[in-house]
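The structure appears right after this line, and notes come after that.
The values are calculated or read from the model by the stated rules, or taken from the named source; none is laboratory data. Here the structure is a predicted model, which means the values were calculated and not measured. Heads up, the Cβs are rebuilt from the backbone with ideal geometry, glycines too, and the neighbour counts pull from every protein chain shown. The protein model used for the area step is the full one, side chains on, heavy atoms only, and it has no ligands, DNA or RNA in it. Shrake-Rupley method; radii C 1.70, N 1.55, O 1.52, S 1.80 Å.
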Amino acid sequence: MGAMSENHDPIRLLDVRGTPLSLDEVHAAVGDDAAGGTTLFVGTVRDHDGGKAVTALEYSAHPTAARELRRIAEKICADFPVRALAAVHRTGRLEIGDVAVIVAVSCPHRGEAFAASRRLIDDLKHEVPIWKHQVFADGEEEWVGAGSC
């Protein structure tokens with residue numbers, strides 16, 4: 001990846017989509033010659049929650065989810081020396097082990113990249129209106145929304 005000018009937009013990829021997510025796509029989006037540290041976080045569907053076995057889950061997003069994701073990304077870029085940022089979240093039915101969310105941040109140094117990435121995933125989980133419908137092995141179901149995922 002070539003170095004970008006100082007006036008570049010560090011937000012390279014933001015999406016809420018119903019198709020499988022690609023680690024390669026997200027990693028490529030945050031490549032930057034001025035970055036000394038790049039972090040990549042991958043959230044997957046686990047087989048349990050709250051001590052109960054989970055068989056599958058489904059994510060639904062409010063129509064404003066992409067706008068809220070951009071607002072959060074812009075705040076991260078304002079608060080940290082971000083060279084490049086990407087975040088994608090799945091919607092639809094996912095099985096155990098499927099990738100649900102990927103965030104990546106490149107910064108001049110690793111500490112900044114870790115901190116920015118941590119804030120990005122935490123804020124995404126707490127503020128973007130995406131809801132998780134969990135199906136448990138015992139037949140029970142549960143909806144979990146932004147703020148409690």
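When D15 is tested against (1) assigned to a strand (DSSP E or B); (2) farther than 22 Å from W143 by Cβ; (3) among the acidic types (D, E); (4) open to solvent by 70 Å² or more (accessible area, probe 1.4 Å), exactly one condition is not met: (4). Based on this model, can you work out whether A34 counts as within 18 Å of D9 (Cβ to Cβ), open to solvent by 30 Å² or more (accessible area, probe 1.4 Å) and assigned to a helix (DSSP H, G or I)? No; evaluated as a whole, the condition is false for this residue. Listed conditions (1) open to solvent by 40 Å² or more (accessible area, probe 1.4 Å); (2) among the charged types (D, E, K, R); (3) in contact (Cβ under 8 Å) with a residue 12 or more places away in the chain; (4) out of contact with any strand residue (DSSP E or B) (no Cβ under 8 Å at 6 or more places or on another chain) are all met by R67, apart from (3). Looking at this structure, is T39 at negative phi, open to solvent by 50 Å² or more (accessible area, probe 1.4 Å) and among the polar types (S, T, N, Q)? Taking the combined requirement at face value, the residue does not satisfy it.
Criterion applied to H89, H62 was being open to solvent by 20 Å² or more (accessible area, probe 1.4 Å) and touching a helix residue (DSSP H, G or I) at 6+ places or on another chain (Cβ under 9 Å), and the one residue passing it is H62.
Among the numbered conditions (1) of a type outside the set (S, T, N, Q); (2) open to solvent by 10 Å² or more (accessible area, probe 1.4 Å); (3) farther than 11 Å from V16 by Cβ; (4) assigned to a strand (DSSP E or B), the only one that V105 does not meet is (2). Among the residues of segment 125-149, those that are under 30 Å from A35 (Cβ atoms) and outside any strand (DSSP E or B) comprise K125, H126, E127, V128, A146, C149.
Yes/no matrix, rows are residues, columns are (1) in a helix (DSSP H, G or I); (2) surrounded by fewer than 17 Cβ atoms within 10 Å (Cβ to Cβ); (3) modelled with pLDDT of 95 or more:
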position	(1), (2), (3)
C77	yes, no, yes
V82	no, no, yes
G97	no, yes, yes
V101	no, no, yes
G111	yes, yes, yes
F114	yes, yes, yes
R118	yes, yes, yes
D123	yes, no, yes
